[in-house]
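The values are calculated or read from the model by the stated rules, or taken from the named source; none is laboratory data. Predicted model only: the values in this text are computed from it and were never measured. We place every Cβ from the backbone using ideal geometry, glycine too, and count neighbours over all the protein chains shown. These accessible areas exclude ligands, DNA and RNA; they are computed on the full protein's heavy atoms, side chains included. Shrake-Rupley method; radii C 1.70, N 1.55, O 1.52, S 1.80 Å.
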Amino acid sequence: MRSAKQEITETVKFLCWLHETHGRTIQTCTQNDVDQWIAAGPTTRHAIRTFLVVSKRDRLTTVTLDHRYAQTCPALTQEQRIAWIGELVTGGSETLPYRVAGVLILLYAQPLKSIVRTRMTDIVDEDPMAITFGKHPVDVPEPFATLIRELVHSRTNLRTSNNDNPWLFPGTHTGDHLHPDTIMHRLRRIGLSNLGARNRALDDLVVECPPPVVADALGYSHQVAFHHAERSAKTWARYTGRRIR
């Protein structure tokens, strides 16, 4: 049932985009249209495959979409990362707590076990807003700052865990936070890969900043940060050279 619902939702999104962006229908859709749609969004967009298979069978189109295969070391593309951030900030695909958790992964490469342990005191609502994951706070840009602010003022489960609960993501028992698996299953349900999103975020962050700075700010070891820097073909020396130029 959930899979069928997702196929319908993604197909409607695709057809609306096809009409609004290119003025085309499924009968006039090109292979490039499909490739562009898939490349620029989250992995859930592959759910249109069933619609394309049926449309081709009924001779409404000639375009195709291959099955999606899992990667050995999963990572979203940068386009998919940006699309997911937009979806979670402005969309209605999930409730507020899980949207915030998803963007914490996509923006700051935070593991789920760290996300659920985020305390209310880790957030400083000034201009700009800041949040602490590691050794020092990092800025929170708009419109995500507004999203966090909304969550701070509308946390769930406080009736069962009391208003003094210190966690940004309160659990169902007094004093507890949400279990990491709870968030993982909710994000997986909408098609967001926790590991793929975290890998992409960290890969991109160590390109923009020195790996030790990223590690200290986000609560990672320097070894992990340098591993991602090497995987992105960016080393500290190359970063320094780019800054000098």
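Say whether the condition of being surrounded by fewer than 16 Cβ atoms within 10 Å (Cβ to Cβ), under 23 Å from the mean Cα position of the chain (by Cα) and at pLDDT 85 or above is met by at least one residue in region 170-179. Can you show your working first?
First pass over region 170-179, keeping only residues surrounded by fewer than 16 Cβ atoms within 10 Å (Cβ to Cβ): 172-175, 179.
Narrowing the set further to residues that are under 23 Å from the mean Cα position of the chain (by Cα) leaves 179.
In the following step, the residues that additionally are at pLDDT 85 or above were identified as 179.
The answer is yes; a qualifying residue exists.
Testing residue 64 on (1) at pLDDT 95 or above; (2) open to solvent by 30 Å² or more (accessible area, probe 1.4 Å), one condition comes back false. Which one is that?
Answer for residue 64: the failing condition is (1).
Would you confirm whether any residue within region 144-153 is in a strand (DSSP E or B), open to solvent by 70 Å² or more (accessible area, probe 1.4 Å), in contact (Cβ under 8 Å) with a residue 40 or more places away in the chain and touching a Leu at 6+ places or on another chain (Cβ under 9 Å)?
First, pick out the residues of region 144-153 that are in a strand (DSSP E or B): none.
Among the residues of region 144-153, not one is in a strand (DSSP E or B), open to solvent by 70 Å² or more (accessible area, probe 1.4 Å), in contact (Cβ under 8 Å) with a residue 40 or more places away in the chain and touching a Leu at 6+ places or on another chain (Cβ under 9 Å), which makes the answer no.
Looking only at residues in region 209-221 that are assigned to a helix (DSSP H, G or I) and closer than 18 Å to residue 104 by Cβ, which one is most open to solvent (accessible area, probe 1.4 Å)? Show your work before the answer.
Taking region 209-221 first, the residues assigned to a helix (DSSP H, G or I) are 211-218.
The next check asks that each one be closer than 18 Å to residue 104 by Cβ; those that pass are 214-218.
Values: 214: 10, 215: 1, 216: 40, 217: 8, 218: 13 Å².
Only one residue tops the list, namely 216.
Scan region 181-198 residue by residue and report those that are open to solvent by 20 Å² or more (accessible area, probe 1.4 Å) and in a helix (DSSP H, G or I).
Hits for region 181-198 are 181, 182, 184, 185, 186, 188, 189, 194, 195, 198.
Give the residues of region 99-117 that are among the hydroxyl-bearing types (Ser, Thr, Tyr) and modelled with pLDDT under 95, sorted by residue number. Walk me through it before giving the result.
Narrowing region 99-117 to residues among the hydroxyl-bearing types (Ser, Thr, Tyr): 108, 114.
Of everything in region 99-117, just one residue is among the hydroxyl-bearing types (Ser, Thr, Tyr) and modelled with pLDDT under 95, namely 114.
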